Amino acid sequence: MTDKNSVLQGHRAAVRFLLAVVALLSSLALSVSAKTTIDFDPNIDFSRFKTFAYIGGVENLVMMQLNPDLINTRIHRMVVRELEKKGLREVNADQNPDVVVRYWANSETRVDVAVMGNWGVYGPFIGSYWGYLYNTVTATNQRQGTLILDLIDPRTKALAWRLYLVRKITDPDKDWKKADEEFTEGFKSFPPTDKDKEEKRKEREKQDQSKKPS
């Protein structure tokens, strides 16, 4: 009887261990399959942004069976929802907005800037400080969709804030709900706090030091 109990207890322990391993692997898979990252200019006074204009996106979605108009509409709706929560008001692009909002999307591992065509008056912002995080985020993804949302100061033509949303989006109805939730999560850090700004300044100081010849 004792032997049977020992075997049963051992079996239960093995099952619990197996379930724990499965749960761990599942959580790791989720963390790899989706990633939301924020970058911003710590020297900008975000409190002066009262109005915004959505100017659409630059896309390279040829490899994905998605409707670009549907993507554009959904991103616009999310942008309006999140920025209005922060007290900003949407205006037309010709009404001197305080900030313009643009997205760019790609279905490959990295966003191919050369292929994505004309960026207009606002560049892709993948150099200098912005390039460090851009390269870090896009280099670690395995053939997943990348959505980058930019908040740009139209007066200086400079990037103010950027959201990276990395996940597999092949089915707009199935995958977009989760992407929408991650989009909302990303905007929780907008505008950045004074503490966030100070940490970002230190991060950029380290970048400067790493570029100096030893």
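Values quoted throughout were computed directly from the atomic coordinates according to the rules given, and no laboratory measurement underlies them. What you are looking at is a predicted structure, and each value in this text was computed from that prediction instead of being measured. Glycine gets a Cβ as well: all are built from the backbone with ideal geometry, and neighbour counts include every protein chain shown.
List of remarks:
- The simple spin-label model puts a point 7 Å past each Cα toward its Cβ; for D180 and V121 those points are separated by 3.3 nm.
- In this simple spin-label model, placing a label point 7 Å from the Cα along the Cα-to-Cβ direction at both T37 and K86 gives a separation of 1.9 nm.
- Cross-link check: pairs K177/K206; K85/K197; K178/K206 evaluated at a Cα-Cα cut-off of 30 Å; pairs beyond the cut-off: K177/K206; K178/K206.
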